[in-house]
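The values are calculated or read from the model by the stated rules, or taken from the named source; none is laboratory data. Here the structure is a predicted model, which means the values were calculated and not measured. Backbone-built Cβ (ideal geometry, glycine too); neighbour counts: all protein chains shown.
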Amino acid sequence: MSVFIELGPRPEEPGRISEPHSYAPEVKAQLEVDAKEIIGRYPSPRSALIPLLHLVQSEDSYLTPAGLAFCAEQLQLTGVEVAAVATFYSMYRRGPTGDYLVGVCTNTLCAIMGGDAIFDALKQHLGIGDGETTDDGRITLRHVECNAACDFAPVVMVNWEFFDNQTPASARALVEALRSGQQVNPTRGQPMCTFRQTSRILAGYAGKD
């Protein structure tokens, strides 16, 4: 079952959940094992939809029609019901995502404190635009909305972890450290892992491969 939903996208995102594909049998079999465990945590299977979306995102780095169809099949929901949730939350990606999703807050306070300058510096340094990924597949850059960390402005987020009080120079150093495979620790929170690993943690598999 393929699911194609016309969206009202943010400027940097594609208008569809794109690139349909099907899962290889061994991949689907493992996803089914994981999905069964996730669904078993909830009194109502439908309540497992959000972590299941994170699960398929951990497989693909974004939500694909195959991922949406898998969630619908596991929960006996329609494709529209699944897509309605998938396209509502900004933590679900609509296109392929690099190892590190680097988001620069450009809302009012962060912008005034230097967020716009940081975003422009990273675009120039990485040679990519908003929502694009570097050729090595390491960094996807995007602007993000307020992260409720205004007292630490300007803020950069990497895979949803906070890096506070950034400057253009520190942000450039941050992305270069990520690209070179160095261990990078956020201002607060857990040590960094890749976007796929982060999605798996959000599916409820913290500490698991």
Exercise. Hey, among the residues in region 69-126 that are surrounded by 21 or more Cβ atoms within 10 Å (Cβ to Cβ) and among the aromatic types (Phe, Trp, Tyr), which one's nearest to the chain's Cα centre (by Cα)?
Worked result: 100
Exercise. If we scan region 105-124, do we find a residue that is among the polar types (S, T, N, Q), outside the structural domain of residue 84 (by TED's automatic domain parsing) and either closer than 29 Å to residue 34 by Cβ or not in a helix (DSSP H, G or I) (or both)?
Worked result: yes
Exercise. What's the number of the condition residue 140 fails, among (1) without any contact (Cβ under 8 Å) to a residue 60 or more places away in the chain; (2) in a helix (DSSP H, G or I); (3) among the β-branched types (Val, Ile, Thr)?
Worked result: (2)
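Conditions (1) in the same structural domain as residue 173 (by TED's automatic domain parsing); (2) modelled with pLDDT of 95 or more; (3) β-branched (Val, Ile, Thr); (4) touching a His at 6+ places or on another chain (Cβ under 6 Å), marked per residue:
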{"site": "21", "(1), (2), (3), (4)": "no, no, no, no"}
{"site": "37", "(1), (2), (3), (4)": "no, yes, no, no"}
{"site": "54", "(1), (2), (3), (4)": "no, yes, no, no"}
{"site": "77", "(1), (2), (3), (4)": "no, yes, no, no"}
{"site": "85", "(1), (2), (3), (4)": "no, yes, yes, no"}
Exercise. Quick one: is residue 146 touching a residue at least 24 places away in the same chain (Cβ under 8 Å), more than 21 Å from residue 197 (Cβ to Cβ) and buried (at least 18 other Cβ atoms within 10 Å of the Cβ)?
Worked result: no
Seminar exercise, completed: Across region 100-131, the tally of residues that are in contact (Cβ under 8 Å) with a residue 40 or more places away in the chain and touching a strand residue (DSSP E or B) at 6+ places or on another chain (Cβ under 7 Å) stands at 12
Seminar exercise, completed: For region 174-203, pairs from a residue that is at positive phi to a residue that is among the aromatic types (Phe, Trp, Tyr), with Cβ under 8 Å and 6 or more apart or across chains, are 189/162
Seminar exercise, completed: When every residue in region 172-188 that is in a loop (DSSP other than H, G, I, E, B) and surrounded by 14 or more Cβ atoms within 10 Å (Cβ to Cβ) is compared, the one modelled with the lowest pLDDT is 184
